[in-house]
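For reference, the structure discussed in these notes is given below.
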Amino acid sequence: MLRRPQIVFALGLLLCTAAVRAQNIYKGSALQEALSSFHANAELGATVNNGFTPLWMAANQYGLTGIKGSNADLRVGIFHDADSYDEEANAERGAQAAADTKRRNWRIGYGLDAVLEFAPEAEFFIHQAYADINYRRLLLSIGAKERGLELKNDELSSGAQTLGINARPMPAVRIEVPDYWPLSPAIALRGHFSYGWMTDGKWQRDYVAPGIHYARHALLHTKALFLRLGNEARFPLTFEGGLEMACQFGGHIHNPIGSEKKLIRMPHGVKDYFMAIYGGGSDETDGDYLNAQGNTTGSWLASLAYKGEGWRLRAYYDHFFEDHSQAFLQYGWRDGLIGIEATLPQNRFVTTVVYEHLRTTHQSGPIYHDRTADMPIQISAADNYYNHNLYQGWQHYGMAIGNPLFTSPLYNDNGDLQFVGNRFTAHHLAFCGDPTPALHYRFLYSHIRNWGTYNIPFPEVRHDNSFLLEATYQGTIRRFGGYSLKAAVGADFGNLIGNNFGLQISVSKPF
């Protein structure tokens, strides 16, 4: 039963209330400032649907919205966001007290975010729990934290192919430069480096059908480096580009594909942490044809933006890869996500428009062949995006970690966490606006044609059309204060995930 989680959740509510009342007690140091200037939020939401939850009502929500049946949840969080380091502003304060300057060099952030979910069975879990320690431009982040997309619009984009916002956040120890560090007026760098772990191993064990492979205690390494060329304050054209990568390694693999063993204990020593960085080593199931250890994925990202008077136009590209054949130019880059984002001059109807085209049908070609004495030719094709013979693919709690147009395994509904449709083309259109200062809306539409996989193609091409219309109203009630009311309607039409229709509503209260 849920007696213990309910008690924990109630205690969390009491702590949030007590903390809000005490928020002006401490003054002075970075720690005292962090303890005295936090904000809290409580949100109650519900989704009603037939069939599955429509795609865009559940996608890119950090795994918070269930996809099976109607559901509801109560979410409570307390946060303190550390301000970004501003070197120029800090220099201007040089005449003030040294203690104040030191406090601005050192900044602390934290968050605790808990969810009580009712669908189809009640579940309590900690969604975010993290601490951030900033020194000047460097940030050390420890814990599970929601992190936005790179070079894309979080609200309107279909999502990233490698490190997206579609699945629950995973705990990690992460060192990063969150904002661009200028090396010159026109050149700047930022990036991150992290080690963490997947938290869905027990869930995988309970979810998959007998004999299906799954992983427990898997580790995760991620890294990224981005370069910016240009300065919008001096010239309207700006380029951003870089690389983000991830590697699943370590852990216990049950029922692995390609092995007679029922359990493989993957190595996780110091050497293995280093090999996860550069893709070294090999797996026990590789046999005579060695591959890199673990499950490595990544994306090359690029963006070119032009800023005009009151408007901005940006084109961007996301090229996904799972091995050297697509990481470099061995077979050509025929797959990828191409996007255009337009920020319009100020008006009451449409502020931003995004169009994206995503293709994943090539995957280096349909044939994989290792060198043999009879045919000494290596063909490193049939990449099988997001799937892996040891780890249960690029998913967390059944939701794609990357782009949700790769239909998440939870939609399989057969106890298998494979991505059964990773060869597709998609068109995605989205826009948003602010008809009044208190009202904001967004509209998303995606059209998908899916061929299945190279190994198991669909008998006929499947298609899907997914819609979302969502509106958020910011209001104030006397003696209650400010609140936010959000309502959405979504639908899917097609034979990929079926015909689905849903309504969603939530109300949140900041403290």
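Descriptive notes on the structure:
Conditions tested, residue by residue: (1) within 20 Å of Trp300 (Cβ to Cβ); (2) of a type in the set (Phe, Trp, Tyr); (3) part of a loop (DSSP other than H, G, I, E, B).
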residue: Phe226; (1), (2), (3): yes, yes, no
residue: Thr238; (1), (2), (3): yes, no, no
residue: Ile253; (1), (2), (3): no, no, no
residue: Ser259; (1), (2), (3): no, no, yes
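- Breaking point among (1) touching an Asp or Glu at 6+ places or on another chain (Cβ under 6 Å); (2) part of a loop (DSSP other than H, G, I, E, B), for His192: (2)
- When Glu87 is tested against the conditions (1) modelled with pLDDT under 95; (2) touching a Ser or Thr at 6+ places or on another chain (Cβ under 9 Å), the lone failure is (2).
- Given (1) among the charged types (D, E, K, R); (2) in a loop (DSSP other than H, G, I, E, B); (3) out of contact with any His (no Cβ under 7 Å at 6 or more places or on another chain); (4) touching a residue at least 24 places away in the same chain (Cβ under 8 Å), number of the condition Arg147 does not satisfy: (4)
- Filter pass, Ala373 being at pLDDT below 85, within 28 Å of Met198 (Cα to Cα) and in a loop (DSSP other than H, G, I, E, B): no
- Residue in region 91-107 that is at pLDDT 90 or above, among the aromatic types (Phe, Trp, Tyr) and part of a strand (DSSP E or B) present: no
- Looking at Thr436, Thr360, Thr352, just one residue is out of contact with any His (no Cβ under 6 Å at 6 or more places or on another chain), at pLDDT 95 or above and surrounded by fewer than 17 Cβ atoms within 10 Å (Cβ to Cβ), and that residue is Thr436.
- Within region 197-215, the presence of at least one residue that is of a type in the set (Gly, Ala, Ser) and part of a loop (DSSP other than H, G, I, E, B) is confirmed.
- Here Phe125 fulfils each of the conditions (1) assigned to a loop (DSSP other than H, G, I, E, B); (2) surrounded by fewer than 16 Cβ atoms within 10 Å (Cβ to Cβ); (3) not polar (S, T, N, Q) apart from (1).
- Candidates Gly452, Gly433, Gly482 - the one that is touching a Gly at 6+ places or on another chain (Cβ under 8 Å) and closer than 25 Å to Ala46 by Cα: Gly482
- Scanning region 454-487 for residues that are touching a Leu at 6+ places or on another chain (Cβ under 6 Å) and either under 23 Å from Arg442 (Cβ atoms) or part of a loop (DSSP other than H, G, I, E, B) (or both) returns Asp464, Ser466, Leu468, Tyr473.
- Residues that are under 24 Å from Ala129 (Cα atoms), assigned to a strand (DSSP E or B) and β-branched (Val, Ile, Thr), drawn from region 36-83: Val76, Ile78
- Total residues in region 454-473, condition modelled with pLDDT under 95 and surrounded by 16 or more Cβ atoms within 10 Å (Cβ to Cβ): 1
- Of all residues making up region 308-328, the number that are at pLDDT 95 or above, within 19 Å of Gly159 (Cβ to Cβ) and not aromatic (Phe, Trp, Tyr): 4
- Filtered residues of region 439-453 (kept if within 25 Å of Gln395 (Cα to Cα), crowded, with 17+ Cβ neighbours inside 10 Å, under 21 Å from the mean Cα position of the chain (by Cα) and free of Cβ contacts under 8 Å to residues at least 60 places away in the same chain): Ile448
- Criterion: at pLDDT 90 or above, of a type in the set (Lys, Arg) and out of contact with any Cys (no Cβ under 7 Å at 6 or more places or on another chain) - qualifying residue of Arg21, Arg75, Arg3: Arg75
- Condition check for Ala305: modelled with pLDDT under 90, of a type in the set (A, V, I, L, M) and crowded, with 16+ Cβ neighbours inside 10 Å: no
- Scanning region 166-185 for residues that are more than 18 Å from Ile126 (Cβ to Cβ), in a loop (DSSP other than H, G, I, E, B) and modelled with pLDDT of 95 or more yields a single hit, Asn166.
The values are calculated or read from the model by the stated rules, or taken from the named source; none is laboratory data. A quick note: this is a predicted structure, and the numbers were derived from the prediction, not measured. Reconstructed Cβ throughout: ideal geometry from the backbone, glycine too, with neighbour counts over all protein chains shown.
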